[in-house]
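Notes for the one structure printed next.
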Amino acid sequence: MDLKAYVRQVCEQAKKAATCMALLNSATKEKALRAMARAISEDAALIRQENEKDLAAAKAAGLSSAMIDRLTLDDKGITGMTEAVNEIAAQTDPVGEIEHMAYRPSGIRVGKMRVPLGVVGIIYESRPNVTADAAALCLKAGNACILRGGKEAFNSNMVLAKVLSNAGQAAGLPAFAVQLIEVTDRATVALLAQAEGFVDVIIPRGGEALIRAVVEAARVPVIKHYKGVCHTYVDKDADLAMAQKVCYNAKVQRPGICNAMETLLVHAAIGARFVPPMFKQYREAGVELRGCDKTRKIDPTVKPATEEDWYAEYLDRILAVRIVESTDEAIEHIRTYGSAHTDAIVTNNVRTADRFVREVDSSSVMVNASTRLSDGGEYGLGAEIGISTDKLHARGPMGAAELTTYKWIVYGEGATRT
């Protein structure tokens, strides 16, 4: 196969579809999205069947339990996709919204109108639910999308893309509004990221190696986060029962996801009271603990943490733990080792909480809440196309509104410039 010609054809088709998508009214988009949600539910057995093929191949290849967890589409996962698409369908259409309309001395009225980005390329690994989430969000925002999933989820992505595309077209979407790159050759990643004039933005979702490869190859804008080194800081004024609940959830609820906690920071004043019961609970859940010297004085059985551990995104049941002497030290640790994804504090001190929120420069900063809540669905976006740690265009979980840009619109009555 001539990969360059194939990707070029997909991009050309997407650009034509994007022109039509930008003109669709809200009712048509909602109708199409609801049809897509029904199709996922109605074809659940077929989707599970194809997903089982991917799971069998993943197990035979010896992929990690965290990778297999991300790959799995069980009944709960399929229901979750259906609910997410329906929630996106029910949201207010961001396209056409006019902001900050104002009169100017020249007699003109000036404002900003939200418009689609155009063609959005999504390059992702493992998680086939991204196929549905990304397609639904792109379509809600009036974009065409090109999906390039990982080979480990190839069968799942193929069936989902077909189900979504067929349902969308039957409900009034243009052909090629949703396309999947149907080959697994890695060369297609660079080809898609270099499709200047056709693709308006690339959003990679996956491990740091994938995202860096996309950024290095790209000639079109990329919205990204390299990794999720998420922290929870348990302050000296924390409710320790609350802290234990929050910290357990942040690490154990689903450790293979980018918003799972990777480093726990504990104020020295409560370390001796908080650490032993917390560690007991972690060990019962199979979490490997790696700690600083002060942590190991409290529990000598903890493995020594290295400098690399503070930077690590484990995506597994491994946790780095550091005892800090102050909030200053906790914030400085996050500034030094964090990835600007999601960081949390547990405290009953309002001033300390406010300071943490002001001084920790991450895309999501939480008070008395698990980092696992850093998510488009939990934030009311229906789903997310990614979590951006960039500061330009979008930051944090990205929903439909973040998949739009704006244009200036000006109204006058024969206005001229003097």
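The numbers here are math on the coordinates, done by the rules we state, and not lab data. Everything numeric here is computed off the predicted structure, so don't read it as measured data. All Cβ positions, even for glycine, are placed from backbone atoms using ideal geometry, and neighbour counts span all protein chains on display.
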Exercise. Can you list the HN-Hα couplings for the range 140-149, worked out from phi with the Karplus curve (6.51, -1.76, 1.60; θ = phi - 60°), rounded to whole Hz and with x for Gly and Pro?
Worked result: 4, 8, x, 9, 8, 10, 10, 9, 10, x
Exercise. How far apart, in nm, are two points set 7 Å out from the Cα along the Cα-to-Cβ line at Lys303 and at Val183?
Worked result: 4.1
Problem set entry | Residue among Val130, Val246, Val110 with the largest mean-square fluctuation in a Gaussian network model of the chain, springs linking Cα atoms under 10 Å | Val110
For this session: Would you work out the relative contact order for the chain, in percent, from Cα pairs under 8 angstrom that are 6 or more residues apart?
Result: 19
Exercise. How would you order 341-351, 359-369 from highest to lowest mean count of nearby Cβ atoms within 10 Å?
Worked result: 341-351, 359-369
For this session: Along Cα→Cβ, 7 Å out, is where each label goes; now give me the distance between the ones at Asp328 and Ala57 in nm to one decimal.
Result: 5.5
Problem set entry | For the chain, Cys with no neighbouring Cys Cβ under 4.7 Å | Cys11, Cys20, Cys230, Cys247, Cys258, Cys292
For this session: Sort 323-329, 96-102, 147-153 for me by packing, meaning the mean count of neighbouring Cβ atoms within 10 Å per residue, highest on top.
Result: 147-153, 323-329, 96-102
